[in-house]
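Contents: one structure, followed by commentary.
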Amino acid sequence: MFRSPIAAHAAVEQGRAMRQRLTATRGLFVLLAGLLVLSGAGCVGVAAQMIHVIRGNKVPAEFDGLKDQRVAVVCTANATSYDASAASSQLAQMVEILLRQNVKNVTVIPQQKVADWIDNNDWENIDYAQLGKALKAEMIVAIDIDGLRMHEDATMYRGRADVTIRVFDMSKRGSTVFSRTMSNFSYPTQGGVHVSETTIAAFQRLFMTELARDVGRHFYAYDFAENFARD
């Protein structure tokens, strides 16, 4: 089956990124196993050194092409998603902040400018090439949320969503240079939060914070140890 050079290159890059992540993960699981054994044996000093190693181990970005670029973040949610408009706006703002904090020399176009352009054009059928040209963006990070919900049942909060991430390169006529799907993202990963413990607004913000973190990590390296902070 014939594949274009662009598609072949993308496949190679995806495979390379996945191998790097697997190598880092396997090595760190070995370290963690050793840490548990040493802690049980009372070797506190050695265990502390291993924790330091884990904290300093970086998982590489899957796509590092946002460096030194002018970037627009666009987030949409389908009509069936819970509080679609507010949720998409909230996620876009959070991802924007993370990119500014973690991607070298990136310039992220303020969400208000992105929102103003969308409001004055066709929200249902966003033309990313036109948006990029209008905002003078070099890269567009498009995040699509599907099936967002916040309740496990009538008494428990548990957020879930399917998320698709795409990056469009304006120097390549808006071609897609990166694409990933996060299927059935959930938080908490197990169980839920009883509705008596917090408000729906507070829980939604917590869920979006976790989702934004996972979306953002596709574009910059992060410490593997941060994974263990999640419920």
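For residue 182 and residue 144 in one chain, what is 0.36 nm times their gap in residues minus the Cα-Cα distance, to one decimal in nm?
Length gained, residue 182 through residue 144: 12.7 nm.
Which links in 104/133; 67/113; 67/136 stretch past 18 Å when you go from one Cα to the other? Walk me through the numbers on the way to the answer.
Details: 104/133 23 Å; 67/113 21 Å; 67/136 16 Å.
Correct reply: 104/133; 67/113.
If packing is taken as the mean number of other Cβ atoms within 10 Å per residue, what is the order of 153-159, 87-93, 166-172, highest first? The partial results should precede the final answer.
Numbers: 153-159: 15.3, 87-93: 21.0, 166-172: 17.3.
The packing order, highest mean first, is 87-93, 166-172, 153-159.
Since every read-out is calculated from the coordinates, none of them should be taken as a lab result. All values derive from a computational prediction rather than experimental measurement. Here Cβ is always computed from backbone atoms with ideal geometry, including for glycine, and neighbour counts include all displayed protein chains.
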